[in-house]
Amino acid sequence: MTLACSVCAAPGRDGALACADCGELLAFELDAAALDGERLREAVRARRASDDPLDRSGVWRWRELLPPVPREAVTTLREGDVPLHAAPRSAAYAGAKHVAALHLGANPTASFKDGGMTVAISDARARAARVAVCASTGNTAASMAAYAARAGIAALVLVPSTGISEAKVAQTLDYGATVVAIEGDFDAGLVAVRGFDPARVAVVNSVNPYRIEGQKTAAFVMLEQRGWRAPDWVIVPGGNLGNSSALGKGFREARALGWIERLPRIAVVQAAGAAPFARAFREGAPLVPLHAQTSATAIKIGAPASWKKSLAEVRASGGTVTAVDDDAIADARAQIGRDGIGCEPASAATLAGLRALIADGTIGPGEDVVLVLTGHLLKDTAYAARYHGSSAAFANRIVRGADPAELIDALIAARA
Ligand SMILES: *Cc1c(COP(=O)(O)O)cnc(C)c1O
Ligand SMILES: [Zn+2]
């Protein structure tokens, strides 16, 4: 594994967050040719039957593909090995035949951030960092707080003072992090955090290349459950654009190792009020930051740090970028719930995006699609409660003053 600039390819200094020459983000590069892909795949699979904590982690069992971290520094909560569920209700809603959902909300702190955080915090521990910091719309904060607590590292988070899920803040407080409510939004918080000296504090936002390495293992976990057949499309919500970058990198590495024959196309979906990347993609122009607005708070980001990395992955895969409005996200989220899966609003941008991409002919109804669900339903119960109390299309209102026996009769009749 070597660290280099993701834009100018100058060698990167380990521990730095940006290229000393051009200021762009750093990325690890895997020398796949130096590995025996077939043997490695067998070895990684065999680890699932082991009791070694590193083998039980769906991130660390791929450790040959991660930057080296001393074993004693590894901080794991058994993250990573999440289920890939068939999602027939969601498929019907989108007008598709084959839709499955990789539920990264099944991670220990209930979002995909854990896959990256286990690596970033383990690296911070190996460097004897005393404090970890991040800017967050809630999920990075909760994940960092949990892993930092396990590692004995103090955690400090900058969160917007309004417009973030109360459940995520409560979770973060519970894990013992210092939570600082700032006047600005996520983007302002990230600017502040990127200004800290990485030699003094561990900055664990997805500008940290160790985060990306951990998150890429979700691509392997998905492919492994599919018998190493790549889907036609992988649909992922886009906020700061670290996760789409990570998944794209994972698929490219899987191909370089001979694990899959072709790359799945990546579709990144943003919320319409926070879609600077969709616009840049459409216009073939550099990204212009904006003031983000959406009730899918996890993707309420106007100046995504990893847009160049994500664009490179979308292009390499032959994919696309699109945006969907908040009402479409709300209805799609309720449909994912009806599959018995459930997710937070940002994750449902995937299904809303699939529906739009099928409607406009970008994706064919018979294509094989995986939705990447990034966070758990319980991450934002206030949103779910609001939806079901409203007059929205799939609202499931609480029934009051009815006779349960009569309701049972009606439910039986409806299924007959
Ligand atoms: C962080 C997050 C996103 C956005 O991921 P990026 O890597 O910032 O693009 C989407 N959904 C959920 C639930 C998240 O927590
Ligand atoms: Zn550079």
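Hey, what does the equivalent ellipsoid look like for region 64-137, semi-axes from the Cα gyration tensor as sqrt of 5 times each eigenvalue, largest first, whole Å?
34, 14, 9
Under unit Cβ charges (Lys, Arg +1; Asp, Glu -1), what dipole magnitude, rounded to 20 debye, does the chain have relative to its Cα centre?
Magnitude of the dipole: close to 300 debye.
If you put +1 on each Lys and Arg Cβ and -1 on each Asp and Glu Cβ, how big is the dipole of region 138-214 around its Cα centre, in Debye rounded to 20?
Approximately 240 debye in magnitude.
Just by accessible area at a 1.4 angstrom probe, what is the order of V369, V69, V7 from largest to smallest? Intermediate values should be presented prior to the final figure.
Working: V369 0, V69 25, V7 80 Å².
Largest accessible area first, the residues go V7, V69, V369.
For the chain, modelled as a Gaussian network with Cα springs under 10 Å, which listed residue fluctuates most, A33, A94, A346?
For the chain, modelled as a Gaussian network with Cα springs under 10 Å, the answer is A33.
Give me the Å³ per residue figure for the convex hull around the C-alpha atoms of region 274-416.
Here the figure is 143 Å³ per residue.
Could you state the number of Å between the C-alpha centres of region 292-348 and region 138-210?
That distance is 21 Å.
Which loop GluC sites (Glu not before Pro) in region 255-348, with loop taken from DSSP, have no more than 14 other Cβ atoms within 10 angstrom of their Cβ?
Values: sites: E261, E283, E313; in loops: E261.
Sites meeting the loop and neighbour criteria: E261.
With each run of n ≥ 4 DSSP H residues scored as -39500 (n - 2.57), what mean residue ellipticity at 222 nm is computed for the chain after dividing by its residue count and rounding to the nearest 500 deg cm²/dmol?
Only helices count here, giving -12000 deg cm²/dmol.
On average, how much accessible surface per residue is there in region 1-70, in Å², for a 1.4 Å probe, leaving out ligands, DNA and RNA?
Each residue of region 1-70 exposes 52 Å² on average to a 1.4 Å probe.
When a/c reaches 1.5 or more, the comparison of a/b and b/c decides; with that in mind, is region 94-187 rounded, prolate or oblate per its Cα gyration tensor?
In terms of gyration-tensor shape, oblate.
Residue by residue through region 346-363, what is 3J(HN,Hα) from phi via Karplus (6.51 cos²θ - 1.76 cosθ + 1.60, θ = phi - 60°)? Round to whole Hz and write x for glycine and proline.
For region 346-363, the Karplus curve yields 4, 5, 6, 4, 4, 5, 4, x, 4, 4, 5, 6, 6, 4, 8, x, 5, 10 Hz.
Under a straight-distance cross-link criterion of Cα-Cα below 20 Å, which lysines are reachable from K168, leaving out those fewer than 8 residues away in the same chain?
Excluding near neighbours in sequence, the set is K113, K300, K379.
If you bin every alpha carbon distance in region 239-317 into 5 Å steps from zero, what whole percent lands in each bin?
Pair shares across the bins are 3, 17, 25, 22, 14, 9, 6, 3, 0.
Which whole-number percent is the relative contact order of region 1-157 (Cα, under 8 Å, 6+ apart)?
Over region 1-157, the number comes to 14 percent.
Can you grab the distance from the C-alpha centre of region 222-286 to the C-alpha centre of region 1-68, Å, no decimals?
That distance is 18 Å.
Relative contact order of region 293-416, please, whole-number percent, based on alpha carbon pairs below 8 angstrom and at least 6 residues apart.
Numbers: 101 pairs, mean separation 25.1, N = 124.
It comes to 20 percent, rounded to a whole number.
Amide H to amide H, which residues 5 or more places from D368 or on other chains are under 5 Å from it, using H placed in the peptide plane?
Sorted by chain and number, the residues that satisfy this are D232, W233.
Lys/Arg Cβ at +1, Asp/Glu Cβ at -1, dipole of the chain taken about the Cα centre: which of G176, I412, S50 is farthest positive-ward?
S50
Ratio to report: Rg/Rh of region 225-279, with Cα atoms as the point set and Rh obtained by the Kirkwood method; give two decimals.
Details: Rg = 12.7 Å, Rh = 12.1 Å.
Computed over Cα atoms, the ratio is 1.05.
Picking from D123, D51, D185, which is most flexible by a Gaussian network model of the chain using Cα springs under 10 Å?
Most flexible of the set in this elastic network: D51.
Tell me which of V99, P289, P68 sits at the most positive position along the dipole axis of the chain, charges placed on C-beta atoms (Lys, Arg +1; Asp, Glu -1).
Comparing the listed Cα positions along the dipole, P68 ranks first.
Cα-based Rg (one decimal) and Dmax (whole number) for the chain, in Å?
When restricted to the Cα atoms of the chain, Rg and Dmax are 20.8, 72 Å.
Using a simple charge model, +1 on the beta-carbon of Lys and Arg, -1 on the beta-carbon of Asp and Glu, nothing else, what dipole does region 293-378 show about its Cα centre, in debye to the nearest 20?
Computed about the Cα centre, the dipole is about 320 debye.
Picking from A33, G195, A275, whose Cα lies most toward the positive end of the charge dipole for the chain (charges on Cβ: Lys, Arg +1; Asp, Glu -1)?
A33
The values are calculated or read from the model by the stated rules, or taken from the named source; none is laboratory data. Keep in mind the model is a prediction, meaning the values are calculated, not measured. Every residue, glycine as well, gets a Cβ built from its backbone with ideal geometry; the counts of neighbours run over all protein chains shown. With ligands, DNA and RNA removed, areas are computed over all heavy atoms of the protein, side chains included. Shrake-Rupley method; radii C 1.70, N 1.55, O 1.52, S 1.80 Å.
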